[in-house]
Amino acid sequence: MALFEYLQQTQRLLREQNQVFNNPDDLIAYINNARRELALRTQCIRVLTPSSGFITGYSVTNAGSGYDVVTPPTVTVTAPDFPSGRLPNANGLQATAFATVAADGTISAIDPLVGGEGYFEPVVTIADPASGTTATAEAVVAGVNMLNQGQEVYPFSGIDLSFNPGCESVYGVRGISIIYSGYRYSLECLAFSRYQVFRAYPYQYQYTPAICSQFGQGSEGNFYFYPLPSQALQAEWDCQCLPSPLTDDQSVEAIPMPWRDAVPYMAAHLAYMELQNFNAAKFMLDLYEKRALFYSQTARFGRSTNPYGRP
């Protein structure tokens, strides 16, 4: 739903199509307030961060020598090493790149043609020159959330949401899984007071993390991991997110249907509060709460844990 549609629906509820009593800029602010409140109330924006990403650029680590300016060398990138299994490229997408040769025969830059998808640790190979030394380069991969060697604390604000347009920030984490040695496993999340019991060696002991804990709440929260990672590890965060403000009709709406239909009622409630029409404000709030609850109940149906009756 675009911002203009939200405005139209809110103005209809207010009988304010002529914009006599409410400034449209105020209504936009109320709509965005309502969207944040709805995301918190219903927890309808849930994000699982990807364990692989795409190549945004290349860093030349050795410029080499003896390359032909007219015929640049072929740049080869390995096949996707960690496909996400998600559409539209469930098996990943091959990345391609081209090299720029300087006047002195060295490689001055490598630029992406296709960024690809499903990459974690790609290998870049530059063809040998006719005579001279071979250049080398490394790919820069974006979108992958990592646990870094020796780092225990990870703020929510550092979680990469670039694969999820319309999501502004993380306000809560349900759990986290780590990929280690070709195996994905979920960490045990403890209350921070219990997590403290296990931190016997503050920084000396490093291994693959086995437990985690949240400290702090909301978008300023942090996650702790122990033991401290002994190497860089791919991490999948199961997050609850807040939506980015809608500023125009090109803004991406992260709130899914059917919850979007409840937004105008909360926005109308806030608009009536501004006009100090408290009876109408309460009426709109009641309608909003009924709809938010109804949508949550209808969208979240029960499931049988095992249809065959076996444990």
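The values are calculated or read from the model by the stated rules, or taken from the named source; none is laboratory data. Small disclaimer: the values here were computed from a predicted structure and weren't measured. Backbone-built Cβ (ideal geometry, glycine too); neighbour counts: all protein chains shown.
The residues listed here are Pro202, Pro209; of these, the one that is in the same structural domain as Gln149 (by TED's automatic domain parsing), in contact with a Pro (Cβ under 9 Å, 6 or more places away or on another chain) and not in a strand (DSSP E or B) is Pro209.
Filtered by the rule that a residue be in a loop (DSSP other than H, G, I, E, B), exposed (fewer than 14 other Cβ atoms within 10 Å of the Cβ) and of a type outside the set (A, V, I, L, M), the range 1-20 gives Arg15, Gln17, Asn18, Gln19. In the set Arg86, Arg15, Arg35, Arg46, only one residue is over 30 Å from Ala268 (Cβ atoms) and of a type in the set (D, E, K, R); that residue is Arg86. Filtering the range 167-184 for residues that are outside any strand (DSSP E or B) and within 22 Å of Cys241 (Cα to Cα) leaves an empty set. Is one or more of the residues making up the range 89-108 in contact with a Pro (Cβ under 6 Å, 6 or more places away or on another chain), surrounded by fewer than 17 Cβ atoms within 10 Å (Cβ to Cβ) and modelled with pLDDT of 95 or more? There is no residue in the range 89-108 that is in contact with a Pro (Cβ under 6 Å, 6 or more places away or on another chain), surrounded by fewer than 17 Cβ atoms within 10 Å (Cβ to Cβ) and modelled with pLDDT of 95 or more.
I'd like to know if the range 229-241 contains one or more residues that are farther than 30 Å from Arg184 by Cα and either buried (at least 21 other Cβ atoms within 10 Å of the Cβ) or in contact (Cβ under 8 Å) with a residue 24 or more places away in the chain (or both). No, every residue in the range 229-241 fails to be farther than 30 Å from Arg184 by Cα and either buried (at least 21 other Cβ atoms within 10 Å of the Cβ) or in contact (Cβ under 8 Å) with a residue 24 or more places away in the chain (or both).
Residue by residue through the range 281-311, note down the ones that are surrounded by 14 or more Cβ atoms within 10 Å (Cβ to Cβ), touching a residue at least 12 places away in the same chain (Cβ under 8 Å) and not hydroxyl-bearing (Ser, Thr, Tyr). If the condition is that a residue be surrounded by 14 or more Cβ atoms within 10 Å (Cβ to Cβ), touching a residue at least 12 places away in the same chain (Cβ under 8 Å) and not hydroxyl-bearing (Ser, Thr, Tyr), then Ala281, Met284, Leu285, Leu287, Arg291, Ala292 are the ones that fit.
I'd like the residue in the range 185-219 that is of a type in the set (S, T, N, Q), more than 24 Å from the chain's Cα centre (by Cα) and loosely packed, with under 12 Cβ neighbours inside 10 Å and, out of all such residues, is nearest to Ile159 (Cα to Cα). Selected residue: Ser193.
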